[in-house]
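Worksheet for the structure shown next.
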Amino acid sequence: MNHLRKLTYIRAKASEHIAGVNEKILWSLHAVKKLRLEKLWKDPVEQALKNAILIEDYPEHGRPLPDCLLLGFIETDPIHVVAAIDETFERIVIITVYRPDIKRWENDWKRRKK
């Protein structure tokens, strides 16, 4: 699955998702734990995915599902989300979510510092 197709799929599933009615976003236990640690909530993260930018595309070799790193914003605050695409069940799986650290990321939040 190419970069554009992944991004389009993730944005579409985030837009189709209605919690408790039309579940298109599945949260891993790790991601739920990270939400609490980062003082984030599911709904704003799910909303941020509707306009997210794909910043790192991970190789599919050795991974159960195609996945990638996304940049989204909750108001003006950046968040990073690792999401996997589960076409079999027509959903995305949130692997982890975190607030990027300026010590590790350039101020555009898209590139790791060297």
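Residues satisfying the criterion are absent from segment 6-15 (criterion: of a type outside the set (Ser, Thr, Tyr) and loosely packed, with under 14 Cβ neighbours inside 10 Å). Quickly run through segment 10-23 and pick out the residues that are more than 18 Å from residue 72 (Cα to Cα) and in a loop (DSSP other than H, G, I, E, B). Residues satisfying the conditions are 19, 20, 21, 23. Name the strands (runs of 3 or more DSSP E) wholly within segment 26-114 that hold at least 2 residues that are among the small types (Gly, Ala, Ser), within 15 Å of the chain's Cα centre (by Cα) and surrounded by 15 or more Cβ atoms within 10 Å (Cβ to Cβ)? The qualifying strands (runs of 3 or more DSSP E) are 77-86.
Cβ-Cβ contacts under 7 Å between residues 6 or more apart (or on different chains), taken from a first residue in segment 14-34 that is at pLDDT 95 or above to a second residue that is in a helix (DSSP H, G or I) and of a type outside the set (D, E, K, R), are listed as 14/49; 25/14.
The values are calculated or read from the model by the stated rules, or taken from the named source; none is laboratory data. The model shown is predicted, which means the values in this text are computed figures rather than measured ones. Positions of Cβ are backbone-derived with ideal geometry, glycine not excepted, and every protein chain shown enters the neighbour counts.
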